[in-house]
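Notes follow once the structure below has been shown.
Nothing in this text is a laboratory measurement; each read-out follows from the coordinates by a stated rule. These numbers were taken from a predicted model, which means no experiment stands behind them. Methodologically, a virtual Cβ is constructed for each residue, glycine included, from the backbone with ideal geometry; neighbour enumeration extends over all protein chains shown.
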Amino acid sequence: MADREEENEEEVYEVVDITEYARRQQWWGRLFGNNSGPMAEKYSVATQIAIGGVSGWCAGYVFQKVGKIAATAVGGGFLLLQIANNSGYVQVDWKRVEKDVNKAKKHLKKRADQAGPELNSFIEDSSEFVKKNVVVTSGFIGGFLLGLAS
């Protein structure tokens with residue numbers, strides 16, 4: 001028993017800080033792993049266009065349906081608020097609304113100034129990803145537009 005206690009006291013643990021390693025990695029590498037390089041190396045052009053087109057069409061179709069539902073809900077909500085306002089059920093304190101909107105503007109401006117470098121890094125990473133996978137990207141865009149149109 002005493003031997004085990006001595007062994008436990010002698011054990012030394014090394015603390016590994018992986019935050020610096022994670023900062024140096026591409027965002028898609030962190031998300032998908034090391035084997036997430038350009039798809040051009042893995043599949044033929046036809047396969048890339050098909051994968052991009054089908055996934056784009058699905059995304060466009062879902063975006064279209066969800067967009068219609070969201071637009072209906074928001075428009076219906078505004079309509080109900082107008083009816084309630086005209087009927088006297090709702091009274092709006094416009095001075096308070098204006099004060100809150102100005103406060104939110106200042107907060108958003110401050111946050112936007114702080115997020116500038118992170119946003120630029122994200123845009124650079126995204127554009128690099130698109131350049132490496134231009135065939136899939138073009139298929140996705142075409143499919144997305146078809147999905148929106150259907």
Rg followed by Dmax, in Å, when region 38-150 is reduced to its Cα trace: 21.9, 65
At R0 = 30 Å the Cβ-Cβ FRET efficiency linking K106 and F78, nearest 0.05, sits at 0.70
Checking rank on 72-81, 134-143, 55-64, with mean other Cβ inside 10 Å and highest first, the result is 134-143, 55-64, 72-81
Provide the gained length on full extension for the span K65 to Y43, in nm with one decimal, where the gain is 0.36 nm per separating residue minus the Cα-Cα distance. 4.8 nm
